[in-house]
Amino acid sequence: MENLKLKRDKFAIGIANLRGIGKNYLSEINGIILTHSDKELLVDGKEYIFVRAERPNEDGFDFAEFILPEIAVYLSFGFKDNELLYLRNYLEKSLGNIISK
């Protein structure tokens, strides 16, 4: 199985050029707003959806970006490990609904 770092590196081009990650509102949980992109075709030829979680903090925003369907955290700032796990579990339960949109 390909390691996660290598997989993340493969997506770097797609992430850097991504438009519309906040295009589709998903939900708000505990003051965290979740939005997602449309399906994106990336360098490996597969379709992915990018989810962004944001919440305000004193200096701006905490954020986390996930890649679906793997539910891998690509970037994060300000969220603790247990919060990322909570968001990951939420996305895992919601995966079918997000992909079918």
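Each value in this text was obtained by applying a stated rule to the coordinates, not by laboratory testing. This is a predicted model, so every value here is computed, not measured. Here the Cβ positions follow ideal geometry from the backbone for every residue, glycine too, while neighbour counts run over all protein chains shown.
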Original post:
Taking 0.36 nm per intervening residue step and subtracting the Cα-Cα distance, what contour gain separates residue 77 from residue 23 on full extension?
Top reply: 17.4 nm
**OP:** Would you mind checking which residues have amide H under 5 Å from residue 74's amide H? H placed 1.01 Å from N; only 5 or more apart, or other chain.
**Re:** 65, 66, 67
Subject >> Stretch gain in nm, segment residue 41-residue 97, where the contour uses 0.36 nm per residue and the Cα spacing is subtracted >> reply: 18.3 nm
Subject >> Sorted by Cβ neighbour density within 10 Å, fewest at the top, the residues 44, 59, 38 >> reply: 59, 44, 38
Subject >> Label-point gap, in nm, between residue 84 and residue 70 - each point 7 angstrom along Cα→Cβ >> reply: 1.4 nm
